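**Student:** Structure provided below as structure tokens; questions to follow.
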Amino acid sequence: MSDVILLLPFAALILINVLPRATRPAAWAIAAVVLAAQMAAVIVPPYWAFLDTIEKTVGFSLKLDRLTQLLVPTAGLAGLAAILVAQAGTATARTKLLFVNLLLIAIIGISGISMVQDLFTMYVFIEVTSVAAVILVVLRDGELSFEGAWKYLLLSAIASVLMLASLGMFLLTAGGVSFEEAASALSAGGAEAWVAAALFLSGLFLKSAMVPFHGWLADAYSEAPPAVSVFLAGIVTKASGVFALMRLAPAAFNGSGPGAMILLVVGAATAVVGAFLSLTQTDVKRMLAYSSISQMGYIVMALGGQPALALAAAAVHFFNHTVSKAQLFTNAAALERQLGTRDMDRMGGIGSRMPVTAGTSAVASLSVAGLPPLAGFWSKLLIVIALWRAGHVVFAVIAVLTSLVTLAYFLSLQRRVFFGTTPAEWSGIREAAIGYTLPALVLAAITVAVGLGFPFLLPILLGGGA
Amino acid sequence: MIVITIVLVVMVLAALWASLTTLLLRATIALALTSAMLAVVMYSLGATFAAVLELSVCAGLISVVFVSVISLTQRRPFKDYVTRRLSRMRRFWPLPLVLVAIGVALSFVHTPVHIVLPLPNGDGDVRTVMWTLRQMDLFGQILILLAGVFGVLVFFKKDTSDGK
Amino acid sequence: MSTYTFLLPIAIPVAAGILTLLVPARARLAVSLLAVVATAAQLASAIWIFPMDGALSVAWLGYGIEASFRLTRFSAFIVVAIAGFSFLVTLYSTASMSKAPSTKPFFAWMLITAGLACGAVLADNLVLLVVFLGALLLTQFGMIAAGARRPYAVAIKAVVIVGLSDMCLMLGIMMAAHLAGTLSMSAMKLSLDGMGGIAFLLMAIGALGKAGAMPFHSWIPDAAREAPLPFMAILPASIEKLLGIYLLARVSLDLFTLVPGSWVSLTLMVIGAVTIVLAVMMALVQKDYKRLLSYHAISQVGYMVLGIGTALPIGIVGGIFHMINHAMYKSTLFLSGGAVERQAGTTDLSKLGGLARSMPVTAVCFIVAAASISGVPPFNGFFSKEMVYDAALESGWVFYAAALLGSLLTAASFLKLGHAAFFGRRAEPASGGTVPAVREAPLPMLVPMIVLAGLCVLFGVVNRIPLDGLIGPAVGAAVTGGRSFAGFPASQMLVGFTAAALLLAILNHWYGARRTGHGLGAVDHIHHAIFLEPVYSVAEQGRLDPYFIGRWVIGGISAALYAVDRAIDWVYETLAVTVAQGISRVGRRLHNGSVNRYVLWSLAGAAAVVITAALVLGGSR
């Protein structure tokens, strides 16, 4: 059954809460094992084939495909990093337990998103993920995190309204909410179907924080607890917004015509605005948050490119960006833990004190900025090629120029935080605990490995089609 | 038709009240009233099960949950309430007029949207729909509820820590 | 006798030079001894091979580039001259350099220079010639750098100027090789039409640059101020003149056929005449022994270029004769300057005077050489100049007038120099006290001077020896037409004019010396003449120096390019950053954290998306 992937974390959720209190400190380990099992179940082909045969006999409305294979392991990586960071953090045992629970709920939601075949179920799982995420943001005490969560909740509610309105219209015009019915209604034409699609699209833009729907993201990301930031930035908004777009875009827009133009314009605006906003931030996590906005703009922009390449480009950038951004937020968490501040103006010369954090941060930064031979370079290259081949030369140029701005703000981050002479204030600083450095090292290694091995991965990606 | 129009108007007014009032308890009552009116509209449109569900869950159950949560909160001083309310009135008084004006304007616009209502789907009762066709949605809703529970836990922890 | 014998004048000094580099620097005596022996051996080998004829060709780079050497009458003559000057100057240097901190690099470079110069003369392949000239450029740099007080500025200036003329030479060689289809000098014979004329001019520029004619002269006065004196005597005064004029003669006589009255010939004559007049004008007002001589070293090149430029047999022979004469008397003059510098401690004319009594031998040598350069009979300079006058008058009276004016001013300036340095009274030191006693220079410095001064007299009185014995065979019967130019000048009129010019110079000196009361001020009335003074002051500041003008122009271009570069850089570094940060700040100000604002944006965005979809997509179906 494909819903093994859903039930596995659900079972863990129940298990954690029904087992005796004494076992609760090990909850994070259970969650970690479950995430690993989920990843293995999706990636390892024999096991997948086994699930497939079961699925055929039972016939659920869920389906495992290549996009599932992309999303579930990506979410697993971000989740594992978040669990390790949370475990190394300073929160109380109760908060840590709540974190694991909510993380599992969000993981179930994300796993659901990866396999849904109709719009309504997609909406439900997006809501699951969002509600869990909103509550995760409040796990840190204080007014600011509450404010961030409030903004997140309010705009999620607006997104829900938009998506529900869209679902209603689809029910009326298409007679159903499955992907096939929606797609056939769209290809049949008619303004109603397109208005419905546009409403759903707007909802997804809100969830994925596209410009001008992005206001909530920076507050939510930067005020969330460190581990939650890793998880949110790594996968939550991507899964509930961008991934849903990846599911829908090929069916609905076919990479050409005015429909693709909406994706291109919104994506390009997001990439540019996000990059420029990052440029003058002084808070590490805020800068990374705007950088996330910018990079998700890239993915959406890619979806407007040539159909054969668009999805592959978007998928690769999806994976690369999750890995790099989860790692950068892990680095930020390590910095916040060791220094007690996120203000870059107060930092400087930390590189000599925290070499692992500085080194991995450099790898991820350069990868996101698109420097060869790191992973980010290849995915950006694919995006530019996809745009170019579809004839969207202007957008290809925007993509290239924006990566210059990206490089600028990441270099400024590296310089302001890690380079230079160490102020006396930080002379006693030491490298963060293994809970921070291990995920950072592993994720950085993945970035390098994907970058170096990309020429071998590309035929698999394109040959399989997605 | 006249009944439905009246009910719709009451529903909109109740929704406005719910969103503009500064007293949580009144907002809860207004929300319950909105749900009740919505249930009437659903019933008159032939969606009997939806109407029943709306009335029982949204107007009933949720109101109870709200009231019980509100009972845990503290009330602001009355003077504070009056000044806040006055400022809110000053800020939002054009809102109902704007909404009405938009509605009147839209009624004159010939939109390209022609909604043709299909016949209601009569295949099976609500149990079939819920437990067989929309199984996944139900699973999702359970999860949302669970998340809500954890959310309450998070907030109550905050309350106790604030109380100390 | 082997085929390689005639390469001995190249091999001996180069090997000795490399050996010198291996000798410890502290063994000064060994270095000096090695240098003297090596140059003596070079001179002996040069004299030994003098009667021979030789040719040698070894396959080298292909494409017609061979290591081919050729010994002819002409090259043998030049090789002997080079070897002779090298020997004498080396002998002189052993004494004059005795106070220098280190003699090893100077002698090493000088030996190698002497060998390479012979190589350039013996080379028959144009590419091989360029290789030797390029190597000479390096050794020249080394010699200046080894001895000068502010070495690198002068050395670089010299290398830039001579290198530039070498580049012209290379360009000319490429064109000539393209036209002739060969790189062998002995096989080349081109006409001066069209491209050939340009090729000739470029190669002539290369030769003139070596010889130090205007406008390739300006490093020589600077070097005179900075570099050790033997360097001046060996390179600008003798070897470079020999090489440059040899090259010019070969180019004009062998590679091309210079026709009298052609535009190329006219160009050469103009260069020669201008060089004579301008350089001598500068020489006239110098107040330093060495600098004054260095301007004469430039001026005298003008006579050689003018003579060869006329393309008349008497001019060509006269030019070459003047070349060898100039090498002799100018070396003598420089060596006397070195002796004065060593014994009196200065070459500033205002601090010298009356040295004839304490340094009689030097004074006599100076007088012989000065009379020679001024064209006083019966010294050698008189005869070669008369030949050049003859040819110049035949080509145009203007050239003759310029040459005569040059002669007049040369005489005037040497009267001034001799008067100021060797006669009159020595100026009191500014600090008071008595004038230190000056003694005659040591023997190794006197011998070269005496030998060279003696040769000046010999080549003048018995001018049959050089003209019929050396130059006649060198240029060949094709040029001379079997005529002999030996003996006293044929034209009484020209001799009369020369005598008048010399008389005028003496009168001028008498007038000037009377006017100011001392020999040094003898030409002040010319220096401070109404029209000349501003020109002189500008020239003295180096503003007329082509090198500095070139540097100024290049500096201007460079500054302009730099400004453009800065502007582009500003666009990238300041404008782009400012704009980006400005956009970013505006963006930050817009994100004020107000949730109302964010909601409004979201709703507006949703409305825009929906309206777009409804109107564009819905309408398109």
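Taken together, the values in this text are just the output of simple stated rules run on the coordinates, not laboratory data. The shown structure was predicted, so the numbers you read here are calculated from the model rather than taken from an experiment. Every residue, glycine among them, receives a Cβ derived from its backbone with ideal geometry; neighbour counts consider all protein chains shown.
**Student:** Would you mind checking the tilt of helix C:576-590 against the longest principal axis of the Cα atoms of chain C, expressed as 0 to 90 degrees and rounded to 10?
**Tutor:** 20 degrees
**Student:** Would you mind checking which residues have amide H under 5 Å from C:Trp60's amide H? H placed 1.01 Å from N; only 5 or more apart, or other chain.
**Tutor:** For C:Trp60, whose amide H was placed from the backbone, the distant partners under 5 Å are C:Ala67.
**Student:** Can you work out the Karplus-derived ³J(HN,Hα) for every residue in region A:264-281? Use 6.51 cos²θ - 1.76 cosθ + 1.60 with θ = phi - 60°, whole Hz, and x for glycine or proline.
**Tutor:** Residue by residue, region A:264-281 yields 5, 5, 4, x, 5, 4, 5, 4, 6, 4, x, 5, 5, 5, 5, 4, 10, 6 Hz.
**Student:** Now for a separate question. From the square roots a ≥ b ≥ c of the eigenvalues of the alpha-carbon gyration tensor of the protein assembly as shown, which class results: rounded (a/c under 1.5), prolate (a/b over b/c), or oblate?
**Tutor:** prolate
**Student:** Starting at the first residue of region C:23-39, write each ³J(HN,Hα) from the Karplus equation 6.51 cos²θ - 1.76 cosθ + 1.60 with θ = phi - 60°, in whole Hz, x for Gly and Pro.
**Tutor:** 6, x, 5, 6, 7, 5, 5, 4, 4, 4, 4, 4, 5, 5, 4, 5, 5
**Student:** Residues with amide H under 5 Å of C:Leu190's amide H, sequence separation 5 or more or different chain, H placed in the peptide plane at 1.01 Å from N; which?
**Tutor:** Correct list: C:Phe256, C:Thr257.
**Student:** Then there is this: Answer with one residue from A:Met39, C:Tyr536, C:Gly460: the one whose Cα lies farthest towards the positive end of the charge dipole of the protein assembly as shown, charges on Cβ with Lys, Arg +1 and Asp, Glu -1.
**Tutor:** C:Tyr536
**Student:** Taking amide H positions as placed in the peptide plane 1.01 Å from N, state which residues far from A:Ser178 in sequence (5 or more) or on other chains have amide H under 5 Å from it.
**Tutor:** A:Leu119
**Student:** Going by alpha carbons, how many degrees (0 to 90, nearest 10) lie between the helix axis of C:104-122 and the longest principal axis of chain C?
**Tutor:** 80 degrees
**Student:** Evaluate E = 1/(1 + (r/R0)^6) for C:Tyr4 and C:Arg357, where r is the Cβ-Cβ distance and R0 equals 41 Å; express this FRET efficiency to the nearest 0.05.
**Tutor:** 0.20
**Student:** While we're here: Could you tally the net charge around C:Asn325, taking each other residue with its Cβ under 12 Å from the Cβ of C:Asn325, Lys/Arg +1 and Asp/Glu -1?
**Tutor:** Taking every Cβ under 12 Å from that of C:Asn325, the sum is +2.
**Student:** For region C:42-51, take each phi angle, set θ = phi - 60°, evaluate the Karplus expression 6.51 cos²θ - 1.76 cosθ + 1.60, and give the result in whole Hz per residue in order, putting x for glycine and proline.
**Tutor:** The phi angles translate into 4, 4, 4, 5, 5, 5, 5, 7, 3, x Hz.
**Student:** Now for a different question. About the Cα centre of chain A, how large is the charge dipole given +1 on each Lys and Arg Cβ and -1 on each Asp and Glu Cβ? Please answer in debye to the nearest 20.
**Tutor:** The dipole of chain A has a size of about 860 debye.
**Student:** Still on this structure, please answer the following. Between their Cα atoms, which of C:Lys210/C:Lys287; A:Lys96/A:Lys238; C:Lys189/C:Lys241; C:Lys330/C:Lys385; A:Lys238/A:Lys325 are more than 18 Å away from each other?
**Tutor:** C:Lys210/C:Lys287; A:Lys96/A:Lys238; C:Lys189/C:Lys241
**Student:** Relative contact order of region C:332-467, please, whole-number percent, based on alpha carbon pairs below 8 angstrom and at least 6 residues apart.
**Tutor:** 41 percent
**Student:** How large is the dipole of the protein assembly as shown about the Cα centre if only Lys and Arg carry +1 and Asp and Glu carry -1, each at its Cβ, rounded to the nearest 20 debye?
**Tutor:** Computed charge dipole of the protein assembly as shown: roughly 2780 debye.
**Student:** Average partner chain C-beta neighbours within 10 Å, per residue of A:101-109?
**Tutor:** 3
**Student:** Which whole-number percent gives the relative contact order of chain C, counting Cα pairs below 8 Å spaced six or more residues apart?
**Tutor:** Value for chain C: 11 percent.
**Student:** Now for a different question. What aspartates and glutamates does C:Lys104 reach when the alpha-carbon gap must be under 19 Å and sequence neighbours fewer than 8 apart in one chain are set aside?
**Tutor:** List returned: C:Glu226.
**Student:** To continue, here is another question. Between helix C:380-395 and chain C, what is the angle of the helix's C-alpha long axis to the longest principal axis, kept within 0 to 90° and rounded to the nearest 10?
**Tutor:** The two axes meet at around 60 degrees.
**Student:** Return the distance in nm (one decimal) between the two label points of a simple spin-label model at C:Arg597 and C:Val538, each offset 7 Å from Cα along Cα→Cβ.
**Tutor:** Computed distance between label sites C:Arg597 and C:Val538 equals 6.8 nm.
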